[in-house]
1. What relative contact order, as a whole-number percentage, does the chain give when Cα pairs under 8 Å and 6 or more residues apart are counted?
2. Taking only Cα atoms, what is the 0 to 90° angle, nearest 10, from helix 15-26's long axis to the longest principal axis of the chain?
3. Using label points projected 7 Å from each Cα along Cα→Cβ, tell me how many nm separate residue 25 and residue 6, to one decimal.
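Read-outs: derived from the displayed coordinates by stated rules, not from any lab. Everything numeric in this text was worked out from a predicted model, so none of it was measured. Cβ sites come from the backbone with ideal geometry, for glycine too, and all protein chains shown count toward neighbours.
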């Protein structure tokens, strides 16, 4: 369903943003993440 779709996700280093980023990636979306904390947390 999400193949060939791209999502920009803010707040992806923790909480709901992280959960959404992981779920969308597992479902085939290309994701770009934005984070305000450390790069390590976002990875």
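1. On the way: 71 pairs, mean separation 20.7, N = 43.
Relative contact order, the chain: 48 percent.
2. 30
3. Taking the two extended label points, one gets 1.7 nm.
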